[in-house]
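Heads up, the thing below is written out as structure tokens.
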Amino acid sequence: MGKTISCSVLLALISCFYLLFATALDTITPSKSIKDPDVIISQNAVFRLGFFRLANSTNRYVGILYNQIPVQTVVWVANRNRPLKDSSGILNISDDGNLVVSNGKAEVLWSSHVNNTAPNATTAQLLDSGNLVLSNGEDGASSLWESFEDPSNAFIETMKISTDVKTGRKVELKSWKSIDDPSDGNFSFGIEPFNIRELVIRNNNQLYFRSGPWNGNIFIGLLYMYTDNLDGFEVFTDKSPYYMTYESSNESMLIYYELDSQGKFVEREWDAGKGDWSKNYPTIQTDCNVYGKCGAFGICDSMKRTICSCLKGFEPRNIEEWSRGNWSSGCFRTTPLQCQRDNNNGSGAGQGDDGFLEMKMMKVPAFPARSSIINGECKDQCMKNCSCMAYAYDSGIGCMMWSGDLIDVQKFSTGGVDLYIRMPSSELDKGKSSKIIVITTVIAGIVVVITISALFLWRRMAKHKGRNKKRKQIKHQFCSENKEENSIGVKLQQLPVINFEELATATNNFNHAKKLGQGGFGPVYRCAGNIR
């Protein structure tokens, strides 16, 4: 009996020691802090939290890194904007229940900045997901703060990029200033609550890149974007907060995403064979990706040598800048819309004599208004409103319409949607006239070629016919002569044969008095009597 109790007490002590040790591995408490160079490690040793420095810097930071990757890979930094200058740093839970980074002078360089009603029961645990969670132990599961909600430049599995339109709170990535400086860079990446949700990158708070609207399956403004490309990604836009998250379907692949210091959203995949991260770009990198590259009413086509041009019926607003490759001033309409002229004259209800130019496989302009009307009614709806400059339709979105300037229009080689630009009919007729001229010219050219060919053929046939006729005439003449000779021959054969004695008797021995004349064959005589 005594042995049983002793064993039970021993097991309990071991269990308690194990729990304390396990807690110390992945958790910070009010009584348990970490000092440089100490670390805590997530339960399955996937991530670690501790102090580090970058290759070309002496500054020290507190951050979360992949633990089992031989290449130093930082996915989150606490004191990114206030680095430690020496190794005196400490990460602990302060008296007010916040997680803080302090230096040797007890100066707070970073804080989680939460209101904590039970600071003595607060813990900070590093999870295998890479999320550092500050929670209040009073009610167990309540989270006061998470590193996933205060990210740096990395987007890792189960993290959410989000926007709450009710509170205005955004969870966005923020680029590093450079590869050796994790302080706030110029670029941010998030999901925008436009009329239709889009992913955007901003440069110093100015729109720099946009994905195009989300249609429930893909972002329609991304080239080569198909459902397969979004494997592992989920986007939720039905109600606020709107967010995008990611979880790989292939457990053997280690992938995370990063907003780099140049404003590019980069996919990094661990290559065990090379012992390093490979670098891929989920979106095609072209100058046309830069928001508003060609200005208002300009169209960007990365397949052309000069990527920017004006939409049909528009001309560059600043020819000099345009010729130098600065297209930001955009284009202006050369012929006013008929509905605008009618409205100015007070002579119409706004419809006017306008039409729509169809442009296929396009990245639609920024800031569309959304309508639930069906496809067949989009045109009529836009035509009724003179301020409607363009419309498009996507089955997952419905009708999209634009008023005012059309910005960030791009021509795709595949994908995209059909965009319809409002034009005065005179501009559309020019297009038709041009087509008619081209068609007429082609037809006229074909007729000329056929005529010349027919004439040449006729002359050749006529010449050939003349030769045949001449040949026939010669042949006929030749045959006639042969026939005549044959007939003469027959007649000569029928004449009697006269010997010389008989002929001499008849001509009285060729008497001169009997001579009739002289011919080519000799003298001719008159016979004195009948010759038999």
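The values are calculated or read from the model by the stated rules, or taken from the named source; none is laboratory data. All values reported here derive from a predicted model rather than from experimental measurement. All Cβ positions, glycine included, derive from the backbone under ideal geometry; neighbour counts span all protein chains shown.
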*Check S249, S183 and return the single one that is over 20 Å from the mean Cα position of the chain (by Cα) and outside any strand (DSSP E or B).*
S249
*Could you give every pair whose Cβ atoms fall below 8 Å, whose first residue belongs to segment 340-357 and is under 14 Å from D380 (Cα atoms), and whose second residue is assigned to a loop (DSSP other than H, G, I, E, B) and at pLDDT 75 or above, counting only separations of at least 6 or pairs across chains?*
G350/N385; G350/C386; Q351/C386; G352/L337; G352/C386; D354/L337
*Answer yes or no: is there a residue in segment 157-170 that is surrounded by fewer than 19 Cβ atoms within 10 Å (Cβ to Cβ), without any contact (Cβ under 8 Å) to a residue 12 or more places away in the chain and small (G, A, S).*
yes
*asked:* For the list (1) modelled with pLDDT of 95 or more; (2) surrounded by 13 or more Cβ atoms within 10 Å (Cβ to Cβ), I need the number of the one condition that N44 fails.
replied: (2)
*Sole residue being assigned to a loop (DSSP other than H, G, I, E, B), aliphatic (A, V, I, L, M), under 47 Å from the mean Cα position of the chain (by Cα) and closer than 26 Å to Y257 by Cα, chosen from V75, V71*: V71
*Kindly list, by first and then second residue, each pair from a residue in segment 411-425 that is touching a residue at least 60 places away in the same chain (Cβ under 8 Å) and surrounded by fewer than 22 Cβ atoms within 10 Å (Cβ to Cβ) to a residue that is of a type in the set (S, T, N, Q) and outside any strand (DSSP E or B), limited to pairs with Cβ atoms under 9 Å and residues at least 6 apart or on different chains.*
K411/S302; S413/S302; S425/Q338
*strands (runs of 3 or more DSSP E) (entirely within segment 252-340) containing at least 1 residues that are under 17 Å from the mean Cα position of the chain (by Cα)*: 265-271, 276-280, 298-300, 308-310
*asked:* When you scan segment 312-330, do you find a residue that is hydroxyl-bearing (S, T, Y) and more than 18 Å from L406 (Cβ to Cβ), even just one?
replied: yes
*How many residues are farther than 18 Å from D408 by Cβ and aliphatic (A, V, I, L, M) when one looks only at segment 219-250?*
3
*Checking L99 against (1) surrounded by 15 or more Cβ atoms within 10 Å (Cβ to Cβ); (2) without any contact (Cβ under 8 Å) to a residue 60 or more places away in the chain; (3) closer than 23 Å to E149 by Cα, which test does it fail?*
(2)
*Looking at segment 388-403, is at least one residue at pLDDT 90 or above and assigned to a helix (DSSP H, G or I)?*
no
*Only one of (1) of a type outside the set (F, W, Y); (2) touching a residue at least 40 places away in the same chain (Cβ under 8 Å); (3) surrounded by fewer than 17 Cβ atoms within 10 Å (Cβ to Cβ) is not met by V108, so which one is it?*
(2)
_I'm checking my understanding of the structure. Among residues of segment 114-135 that are at pLDDT below 95 and not in a strand (DSSP E or B), which one is surrounded by the most Cβ atoms within 10 Å (Cβ to Cβ)?_
N116
*Evaluate segment 262-278: report whether one residue or more is within 30 Å of R422 (Cβ to Cβ), modelled with pLDDT under 95 and charged (D, E, K, R).*
no
